[in-house]
1. So if I place +1 on the C-beta of Lys and Arg and -1 on the C-beta of Asp and Glu, and nothing else carries charge, what would the dipole magnitude of the range 66-129 be about its Cα centre? I want it in debye, nearest 20.
2. For a quick check: with amide H placed at 1.01 Å from N, whose amide H comes under 5 Å from His104's, ignoring anything fewer than 5 positions away on the same chain?
3. Rank Thr73, Leu29, Ala19 by how far each Cα sits towards the positive end of the charge dipole of the chain (+1 on Lys, Arg Cβ; -1 on Asp, Glu Cβ) and give me just the farthest.
4. Using 0.36 nm per residue, how much length does the chain from Gln72 to Leu24 gain when fully extended, once their Cα-Cα distance is taken away?
5. Using a 10 Å cut-off around each Cβ, can you sort Phe150, Phe123, Phe31 from fewest to most neighbouring Cβ atoms?
6. From zero up to wherever the largest Cα-Cα distance of the range 14-134 sits, split into 10 Å bins and tell me the percent of pairs in each.
7. Assigning unit charges at the beta carbon (Lys, Arg +1; Asp, Glu -1) and nothing else, what dipole magnitude in debye, to the nearest 20, does the chain show about its Cα centre?
8. Antiparallel versus total DSSP beta bridges in the range 50-153: what percent is that, nearest 5?
Amino acid sequence: METGGLTLVKRSPKTAVYAAAAVLAAAALIFAAMYTGIFKAKPPAASPPTEWSAGGISAEISTGDQPVKALQTGQMTVMLHGLDGRPLEHAELILSIDMLEMKHRLKPVPMAEIAPGEYTADFVPVMNGKWSADVKITYNGETQEAAHPFTVFR
């Protein structure tokens, strides 16, 4: 049957039922895939630790094994050692945290020594993005600076 340039084809009711069943089956498969999480994004990974050394001191700077989230308390940890591998005790560490893209800086805070050579400080990043932890390390009258880049997620 033709109507002004448009061709209409007669289909049997059986064909319409098969087409509807195919559409419903496809929708059910998509729903099942979404419900089971096949299309879920991977959770963000924690930033890897930074290995640093200078002036007879080595350090591992880390935000831990969980990703840092905006407006939630995070913890920066510095493991401080001499070149002989022994923990360096009684050092003075000051942590400054900057958001690289927006020039936000959190107030610098002293890091507490919680075990021989292990120093920590809590912080709360105000937004997601690329950040840098700058650690000023003073040991035996010498001051060094180390940096640790990390990412903050929502």
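1. Charge dipole of the range 66-129: 320 debye, to the nearest 20.
2. The list, which skips near neighbours in sequence, is Met99.
3. About the Cα centre, the residue reaching furthest to the positive side is Ala19.
4. Full extension from Gln72 to Leu24 adds 12.9 nm.
5. Values: Phe150 22, Phe123 18, Phe31 10.
Ascending number of Cβ neighbours within 10 Å: Phe31, Phe123, Phe150.
6. Each 10 Å bin holds this share of Cα pairs: 11, 30, 21, 11, 9, 8, 6, 3, 0.
7. The dipole magnitude comes to about 1500 debye.
8. That works out to approximately 95 percent antiparallel.
Since every read-out is calculated from the coordinates, none of them should be taken as a lab result. A quick note: this is a predicted structure, and the numbers were derived from the prediction, not measured. Note: ideal-geometry Cβ built from the backbone for every residue, glycine included; neighbour counts use all protein chains shown.
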